[in-house]
Amino acid sequence: MRPGEISLAHNGVLFLDELPEFRRDVLEAMRQPLEEGTVTVARAAGTLQLPARFQLICAMNPCRCGWRGHPSGKCHCSDREVEKYVEKISGPLLDRIDLHVSVPSVEYEAMRRKETPESSADIKRRVDAARARQAERFAGTGVLCNAAMRPDQMAAFCSLDAAGEKLMEGAFRRMGLTARSHDRILRVARTIADLEGSDNIEAPHLAEAIQFRNTDILKG
């Protein structure tokens with residue numbers, strides 16, 4: 001038995017491009033590693049447990065031709081074709097992915113604008129500061145970042161004020177969130193607060209984390 005891609009990506013990044021083109025059984029096999037950070041391989045000769053704590057990044061088109069929703073009307077995929085295209089991605093797998101980001105196509109005018117974006121160096125400084133806050137927060141616990149917070153740590157570091165509680169309750173009922181997605185939203189909100197140098201999760205941090213849960217992906 002040899003380690004596969006998710007173990008080779010341990011402590012790194014696993015990037016799956018064209019996510020719906022992978023076999024469904026391959027995608028479903030990632031659910032346990034994403035939750036537990038290990039993968040168990042069972043064969044007749046025995047069972048082997050391998051490390052598999054990786055950051056999963058996926059990319060996909062809105063439909064097979066890639067033009068779904070574009071104002072040009074170039075997409076001629078039927079609703080059934082779109083449903084078939086995304087049906088390999090299950091709700092439980094999507095539930096384990098923290099950020100669901102829709103990226104619109106770039107129009108010509110946007111490419112020609114001369115705006116200066118935030119530099120990578122400035123972004124790195126913010127990220128480094130946020131990671132330093134997390135290192136201080138979890139010192140001596142074996143936890144390195146917000147994504148690995150245990151339930152007791154979430155209770156201590158992800159408390160919400162009255163406005164946040166109301167916002168979370170509304171999102172939970174309206175979006176049909178699961179317990180897993182509830183906890184992942186709180187972890188993301190804690191990270192957003194860290195990036196802004198805030199000791200507490202405020203309503204805007206929580207609102208930003210909630211808008212990253214885009215279950216409409218499963219509808220194409």
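The values are calculated or read from the model by the stated rules, or taken from the named source; none is laboratory data. Quick caveat: nothing in here was measured; it's all calculated off a predicted structure. Don't worry about glycine lacking a Cβ; one is built from the backbone with ideal geometry, like all the others, and counts go over all protein chains shown. For the accessible areas, the whole protein counts, side chains as well, though only heavy atoms, and no ligand, DNA or RNA atoms are used. Shrake-Rupley method; radii C 1.70, N 1.55, O 1.52, S 1.80 Å.
Can you give me the number of residues within the range 145-177 that are surrounded by 12 or more Cβ atoms within 10 Å (Cβ to Cβ) and under 22 Å from Arg53 (Cβ atoms)? Even if it seems obvious, please write down each step before you answer.
Of the residues in the range 145-177, the ones surrounded by 12 or more Cβ atoms within 10 Å (Cβ to Cβ) are 145-150, 153-154, 157-161, 163-168, 171-172, 175, 177.
Among the residues that remain, those that are also under 22 Å from Arg53 (Cβ atoms) are: 145-150, 153-154, 157-158.
Matching residues across the range 145-177 total 10.
What is the residue count in the range 48-78 for residues that are more than 23 Å from Val106 (Cβ to Cβ), open to solvent by less than 100 Å² (accessible area, probe 1.4 Å) and not small (Gly, Ala, Ser)? Walk me through how you get there before you give the answer.
Residues of the range 48-78 more than 23 Å from Val106 (Cβ to Cβ): 48-56, 78.
Now drop any that are not open to solvent by less than 100 Å² (accessible area, probe 1.4 Å), which leaves 48, 50-52, 54, 56, 78.
Retained after the next criterion (residues that are not small (Gly, Ala, Ser)): 48, 50-51, 54, 56.
Count: 5.
Here are some residues: Lys88, Lys84. Which one is without any contact (Cβ under 8 Å) to a residue 24 or more places away in the chain, of a type in the set (Lys, Arg) and surrounded by 12 or more Cβ atoms within 10 Å (Cβ to Cβ)? Outline the logic, then answer.
Numbers: Lys88 fails: without any contact (Cβ under 8 Å) to a residue 24 or more places away in the chain.
Exactly one residue qualifies, and that residue is Lys84.
Return yes or no: is Val106 part of a loop (DSSP other than H, G, I, E, B) and more than 20 Å from the chain's Cα centre (by Cα)? I'd like the intermediate steps shown before the answer.
Details: part of a loop (DSSP other than H, G, I, E, B): yes; more than 20 Å from the chain's Cα centre (by Cα): yes.
Spelling it out, Val106 is indeed part of a loop (DSSP other than H, G, I, E, B) and more than 20 Å from the chain's Cα centre (by Cα).
Restricting attention to the range 64-79, does a residue exist that is under 23 Å from the mean Cα position of the chain (by Cα), under 22 Å from Asn11 (Cβ atoms) and not charged (D, E, K, R)? Break it down stepwise before answering.
Taking the range 64-79 first, the residues under 23 Å from the mean Cα position of the chain (by Cα) are 64, 66, 68-69.
Subsequent filtering for residues that are under 22 Å from Asn11 (Cβ atoms) retains none.
Taking every residue of the range 64-79 in turn, none turns out to be under 23 Å from the mean Cα position of the chain (by Cα), under 22 Å from Asn11 (Cβ atoms) and not charged (D, E, K, R).
Which of the residues belonging to the range 20-32 are in contact with a helix residue (DSSP H, G or I) (Cβ under 9 Å, 6 or more places away or on another chain), within 19 Å of Ser7 (Cα to Cα) and in contact (Cβ under 8 Å) with a residue 12 or more places away in the chain?
Matches in the range 20-32: Leu27, Glu28, Met30, Arg31.
For residues that are aliphatic (A, V, I, L, M), under 16 Å from Ala147 (Cβ atoms) and surrounded by 17 or more Cβ atoms within 10 Å (Cβ to Cβ), tally how many sit in the range 1-29. Spell out the reasoning first.
Taking the range 1-29 as the starting set, the residues that turn out to be aliphatic (A, V, I, L, M) are 1, 6, 8-9, 13-14, 16, 19, 26-27, 29.
Filter again for under 16 Å from Ala147 (Cβ atoms), leaving 9, 13-14.
Narrowing further to those that are surrounded by 17 or more Cβ atoms within 10 Å (Cβ to Cβ): 9, 14.
Within the range 1-29, residues that are aliphatic (A, V, I, L, M), under 16 Å from Ala147 (Cβ atoms) and surrounded by 17 or more Cβ atoms within 10 Å (Cβ to Cβ) number 2.
For the range 156-170, state whether one or more residues are in a loop (DSSP other than H, G, I, E, B), among the acidic types (Asp, Glu) and touching a helix residue (DSSP H, G or I) at 6+ places or on another chain (Cβ under 9 Å). Please lay out each step first, then the result.
If we filter the range 156-170 for residues that are in a loop (DSSP other than H, G, I, E, B), which is where we start, we get 158-161.
Checking which are among the acidic types (Asp, Glu) leaves us with 161.
With the extra rule that they be touching a helix residue (DSSP H, G or I) at 6+ places or on another chain (Cβ under 9 Å), the set shrinks to 161.
For the range 156-170, residues in a loop (DSSP other than H, G, I, E, B), among the acidic types (Asp, Glu) and touching a helix residue (DSSP H, G or I) at 6+ places or on another chain (Cβ under 9 Å): present.
I'd like the full set of residues that are assigned to a helix (DSSP H, G or I), buried (at least 21 other Cβ atoms within 10 Å of the Cβ) and without any contact (Cβ under 8 Å) to a residue 60 or more places away in the chain, limited to the range 193-215.
Just the residues of the range 193-215 that are assigned to a helix (DSSP H, G or I), to begin with: 193-195, 203-210, 215.
Restricting the remaining residues to those that are buried (at least 21 other Cβ atoms within 10 Å of the Cβ) gives 193-194, 205-206, 209.
Matches in the range 193-215: Ala193, His205, Leu206, Ala209.
Determine whether Ser120 is more than 19 Å from the chain's Cα centre (by Cα) and either open to solvent by 60 Å² or more (accessible area, probe 1.4 Å) or closer than 22 Å to Phe212 by Cβ (or both).
yes
Just a yes or no: is a residue in the range 94-109 closer than 30 Å to His182 by Cβ, free of Cβ contacts under 8 Å to residues at least 60 places away in the same chain, small (Gly, Ala, Ser) and open to solvent by 60 Å² or more (accessible area, probe 1.4 Å)?
No, because not a single residue in the range 94-109 is closer than 30 Å to His182 by Cβ, free of Cβ contacts under 8 Å to residues at least 60 places away in the same chain, small (Gly, Ala, Ser) and open to solvent by 60 Å² or more (accessible area, probe 1.4 Å).
Does Ala189 satisfy being of a type in the set (Gly, Ala, Ser) and either open to solvent by less than 50 Å² (accessible area, probe 1.4 Å) or in a helix (DSSP H, G or I) (or both)? Walk me through how you get there before you give the answer.
Details: of a type in the set (Gly, Ala, Ser): yes; either open to solvent by less than 50 Å² (accessible area, probe 1.4 Å) or in a helix (DSSP H, G or I) (or both): yes.
Considered against the rule, which asks whether it is of a type in the set (Gly, Ala, Ser) and either open to solvent by less than 50 Å² (accessible area, probe 1.4 Å) or in a helix (DSSP H, G or I) (or both), Ala189 comes out as yes.
Tell me yes or no: at least one residue of the range 65-79 is in contact (Cβ under 8 Å) with a residue 40 or more places away in the chain, touching a helix residue (DSSP H, G or I) at 6+ places or on another chain (Cβ under 7 Å) and at negative phi.
Checked against the condition, which is being in contact (Cβ under 8 Å) with a residue 40 or more places away in the chain, touching a helix residue (DSSP H, G or I) at 6+ places or on another chain (Cβ under 7 Å) and at negative phi, the range 65-79 yields at least one hit.
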